[in-house]
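Okay, structure first, notes after.
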Amino acid sequence: MGFHGHGHSMLEDGPVAYDSELVRRLMKYVVPHWRYILLASIMTLGVAGSNLAGPYLLKVAIDRYIATGNLWGLNGVAALYILTHLVNWVCSYGQTYYMSWVGQNTLYSLRRDLFSHLQRLGFKFYDSRPAGVIMSRVTNDVQAIQELISGGLVHMISDVIVLGGIVTIMLLMNTRLALVSFLVLPFLTYTAIVFRNRVRRAYRDVRVKIANVNATLQESISGVRVAQSFVREDLNAQRFDQTNLENLQANMRAASLFSVFMPLVDCIGAAGISLILWYGGRQVMAGTLTVGVVEAFISYLERFYRPLQDLGQIYNTMQSAMAACEKIFAIMDTEPEITDRPGAVDPGSLKGHVRFENVTFGYDPDRPVLHDINLEALPGERVALVGPTGAGKTSIINLLARFYDPQRGRIVVDGHDLRDLKVECLRKQIGIVLQDTFLFSGTVKDNIKYGKLDATDEEVIAAAKAVGAHEFIEKMPQGYDTPVGERGAMLSIGQRQLISFARALLRDPRILILDEATSSVDAYTEVLIQRALEKLLEGRTSFIIAHRLSTVRNADKILVIDQGRIVERGTHAELLARGGLYAQLYEMQFRYQEVAGN
Ligand code: DCP
Ligand code: MG
């Protein structure tokens, strides 16, 4: 292990422990609590002072009163001794309480800001980052900063005061003995530094391993249905076992480091005390030193090690807090790509006249997935988008809902370029039912009301009735108040879809976007959904990515997309007559539906 550690120490260039720019930004969160910081600082002085007073009182008791047989004096010092510890108790409490208050409140407001910022960031941000990593910013990284504020900073101040105080008092009491006692300091410091570096690496390793355990766990839990259906349980268990084992090993390495170094530090401490005993004792015998001073020195030296070790820790704490700060502020600095430009307008309600003008777009600007798209939907028209997988259908509606902005060309709604409309105004009038229906944990009612919180129960029920969801909701154990489970796991796919229709209908949007699910449902539900859909689309401009023949056939316009271009457009009959890609798709995809009676 020794060699291993050494080999890396040259290369290791960990994050900085102090970055003035980051600290300045962090201060914005800390400074508002300055009153509590002030209180904690006063308490800190009390803690440090009472810590320093103890050994000195011992010296006074031994030299001044015990040596002279002054009982009254001894009583007084004994009382004072316990008093200093009471003061220490109260002040420690105050110090910890006030700094925890500051730390926790900083954590609270950092998390609040981070969360609301994350909510505003666009799809582009989330496209490139795993959810686990983002979650870790809001939980672990914020925690690291809180730890620095609650524990680290104040302790550092009191450690420095205590250390400085001890050194000064020792030097003042007896310079020579003090210098002799300090002989062990270089060894102690060296050990502390080596220890600190090793432990830091060991714990970094532990953190990486536990993150792996979490990631594996998370993936396995979300994918448990797939895993079981592919009988992957054993294989997954093996993989989990591996990461779990690595975590165990990393923890054992860290633990064994601790178990080696802690006693070593104690040993060096004992060497220091034996030096005082030996050198001081000789002076006592020679009559040049009092017993009380030797006792005080031993007592001071015993109080020396803990602050020293704590100070070794503070470096780590600061380092991880700085790293955390950097990551958190990097997120906060990420501007939402989709924002209101200055002078953006809110024309109130839209009619729903949509036009794409020469729109070119790529998730990566260098690789367009849509080329020169032109299309128009008049208010109330139903536009169906069909085409092979990966053609760019979802991308078109992503642009219409302004989840992304196109690189070239523009999208116009009622004569307004989308980028000139207030985002909120646009999104309020667009209803989206996505390919994979997302329900939130909560009740059926919560989910229907998701986009219109002030809807009354009557409105909710009316919407559910309109899409034909009322019947099955009524039959559920608690009706509209039945919890749907995480992501709606307690519902069938068809039910989830109907609820999402009700959700969209309640919102009453002018423009409706529907990324139809491919999943097949039973014939009865199919009819139910079909009817719901007709109801939903009534009187709205709609864009439908359709997999159901009936939806496509009833469309006013069908756009056939292939490789990011509109290759055909027209009505069902026109396109069939043309005998192009649509006719092919129809043969492959829709024909059997027709036979099946749809
Ligand atoms: N794409 C991408 N980054 C994303 C999403 C998609 O690079 N965040 C790519 C993958 C495809 C292309 O864009 O090559 C078009 O993807 P669409 O999702 O628009 O494709 P469709 O919706 O037409 O396909 P499907 O019918 O499978 O839903
Ligand atoms: Mg799609």
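What the table below lists for this structure:
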{"item": "The chain - share of DSSP beta bridges that are antiparallel (%, nearest 5)", "result": "50"}
{"item": "Shape category assigned to region 375-432 from the gyration tensor of Cα positions, a/c cut at 1.5", "result": "prolate"}
{"item": "Per-pair calculated FRET efficiency, R0 = 51 Å: VAL208 and ALA79 via Cβ, rounded to 0.05", "result": "0.45"}
{"item": "Estimated translational D of region 14-96 in µm²/s (Stokes, Kirkwood radius over Cα pairs; 10 °C; 1.306 mPa s)", "result": "102"}
{"item": "Net length gained if the chain between ARG565 and GLU538 were fully extended (0.36 nm per residue, minus Cα distance)", "result": "6.9 nm"}
{"item": "Difference of contour (0.36 nm per residue) and Cα-Cα distance, LEU434 to ARG487", "result": "17.7 nm"}
{"item": "Relative frequency of Cα-Cα separations exceeding 49 Å in the chain, percent", "result": "38"}
{"item": "Stretchable slack from VAL16 to ARG531, in nm (0.36 nm times residue separation minus alpha-carbon distance)", "result": "179.2 nm"}
{"item": "Rel. contact order, % - alpha carbon contacts under 8 angstrom, at least six apart, the chain", "result": "14"}
{"item": "Amide H contacts under 5 Å for VAL567, placed H, 5+ residues apart", "result": "VAL560, ILE561, ASP562"}
{"item": "In sequence order, calculated HN-Hα J values of region 194-206 (Karplus, 6.51, -1.76, 1.60; Hz; x Gly/Pro)", "result": "4, 4, 4, 5, 5, 5, 4, 5, 4, 6, 4, 4, 4"}
{"item": "Region 56-131: trypsin sites (Lys or Arg not before Pro) falling in loop per DSSP and having at most 16 other Cβ within 10 Å", "result": "none"}
{"item": "All-pairs alpha carbon distance profile, region 67-201, 10 Å steps from 0, percent", "result": "9, 20, 24, 22, 13, 8, 4, 1, 0"}
{"item": "Theoretical ellipticity at 222 nm over the chain - DSSP helices of four or more residues, -39500 (n - 2.57) apiece, nearest 500", "result": "-20000 deg cm²/dmol"}
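Rule-based calculations on the coordinates, nothing more; no lab input. Quantities reported herein were computed from a predicted structural model and do not represent experimental measurements. For neighbour counting, all protein chains shown are included, and Cβ atoms are generated from backbone atoms with ideal geometry for every residue, glycine included.
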